[in-house]
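Report on one structure; see the data block that follows.
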Amino acid sequence: MHVISLCIPTYNRASLLSELLDSILEQDCVDAVEIVISDDASTDATALTAEAYRPRFRHFKFISQPANIGIDGNFLAVVAAATSPYIWLMGDDDRLEPGGLRRLLEAIERWPQAVGFTLGVLDYDVTMSRPVGVRATPPTQVMTGATAVFSSMPELLGFMSALVVKRDHWNSAIADPTIGAVRNYYVQVVILGRILGESGQWGVIQTPCVGFRTGNDQLQARHGWLDRLKIDAQAYGEIADLLFPHAPETRAVIRRRIFNAHIMARITNAKTMPAPTEGVASAIVFLAKTYGTLPAFWTRALPMLLAPKWSIRSARGFYKKYIRSSGARRASLGRSASGH
């Protein structure tokens, strides 16, 4: 019996989908997994690529959407087709780290009361050949309640490839009509909050189970860096208001952590890309309105937006190479310690 449904919403990423499926086949307990792929009306060879893998998996399901239903809709569709006790949402351009599936199965056996899990993530370059960072993840443990989870790691909850949830709890949560109305690209975060409630238990596995491909954001490619930044700011603001309407302290913590993680990452990426950064003035106006009460906007974001690109690239390179707390250094030290 399969324990986990690996749910892969995909769109026009046939070659990258192959890399993901290959990484799943390399796991030592692949028969414990049901593969569920929902293709959101791709125009490339996604269907042919997926079907070529059907004979290689014991449990395999491929759904071809007749028309594009959007990112949030495809999330919900792929999970609706799953049949395992647990669902693991997986980005079509990411991959499983060696032993990642085994680590999750062991955590499920150790903490059967947990309604879901957040998994450790190793960031790679766009070719998935070189580690560039390790996500700062809390130590392996079980947390209780949405307030504790969202206060300690809201920036990790939107990354669907590191999200595992009990399927029956997911199905109960999506019966809420307010969830069906969410169209901000982060519907899974709202569902997670509803599942946790005040007393739900949530597992954390700090050791990386997932490899993330940086520099390949479909939303940024479609909308540009500034609108991508706005999506994060507005979506997490809506999520905080929806889940914690009577908890201003929790909303404030979420707001601050999302700024420090997501917003600063969008600014850093924009200021370190070779191409000119368009829309800096608009970004300053938007961020001043949205985060102007945060000291970090004035001390970190604004100076970075105004600084020459060469200075940001130089400072970023120094930080990644020499500062031990940087994600790049943690990734380098971790690989050295493990013999890679």
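The values are calculated or read from the model by the stated rules, or taken from the named source; none is laboratory data. Note that this is a predicted model, so its numbers are computed, not measured. Heads up, the Cβs are rebuilt from the backbone with ideal geometry, glycines too, and the neighbour counts pull from every protein chain shown. These area figures cover heavy atoms from the full protein model, side chains too; ligands, DNA and RNA do not enter into them. Shrake-Rupley method; radii C 1.70, N 1.55, O 1.52, S 1.80 Å.
One table, with the values for the structure above:
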read-out: Yes/no for A47 being under 21 Å from V165 (Cα atoms), touching a helix residue (DSSP H, G or I) at 6+ places or on another chain (Cβ under 9 Å) and among the small types (G, A, S); value: no
read-out: Test: residue in region 123-132 that is small (G, A, S) and within 19 Å of the chain's Cα centre (by Cα); value: no
read-out: Complete set of residues in region 249-302 that are open to solvent by 20 Å² or more (accessible area, probe 1.4 Å), under 18 Å from L156 (Cβ atoms) and touching a Leu at 6+ places or on another chain (Cβ under 7 Å); value: R256, R266
read-out: Some residue of region 83-92 being out of contact with any Cys (no Cβ under 8 Å at 6 or more places or on another chain), of a type in the set (V, I, T) and at pLDDT 95 or above; value: yes
read-out: Pairs with Cβ under 6 Å, 6+ apart, first in region 257-279 and in a helix (DSSP H, G or I), second of a type in the set (K, R) and open to solvent by 30 Å² or more (accessible area, probe 1.4 Å); value: K271/K309; T272/R313; T272/R316
read-out: Count of region 201-216 residues which are open to solvent by 50 Å² or more (accessible area, probe 1.4 Å) and either part of a loop (DSSP other than H, G, I, E, B) or of a type in the set (D, E, K, R) (or both); value: 1
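This table checks each residue for (1) in contact with a strand residue (DSSP E or B) (Cβ under 7 Å, 6 or more places away or on another chain); (2) free of Cβ contacts under 8 Å to residues at least 40 places away in the same chain; (3) within 30 Å of G180 (Cβ to Cβ); (4) not hydroxyl-bearing (S, T, Y).
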{"position": "S64", "(1), (2), (3), (4)": "yes, yes, yes, no"}
{"position": "I69", "(1), (2), (3), (4)": "no, yes, yes, yes"}
{"position": "L76", "(1), (2), (3), (4)": "no, no, yes, yes"}
{"position": "M90", "(1), (2), (3), (4)": "yes, no, yes, yes"}
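Matching residues to (1) hydroxyl-bearing (S, T, Y); (2) closer than 22 Å to Q234 by Cα:
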position: R102; (1), (2): no, no
position: D125; (1), (2): no, no
position: G133; (1), (2): no, no
position: T144; (1), (2): yes, no
position: E155; (1), (2): no, yes
position: S172; (1), (2): yes, no
position: I179; (1), (2): no, yes
position: G193; (1), (2): no, yes
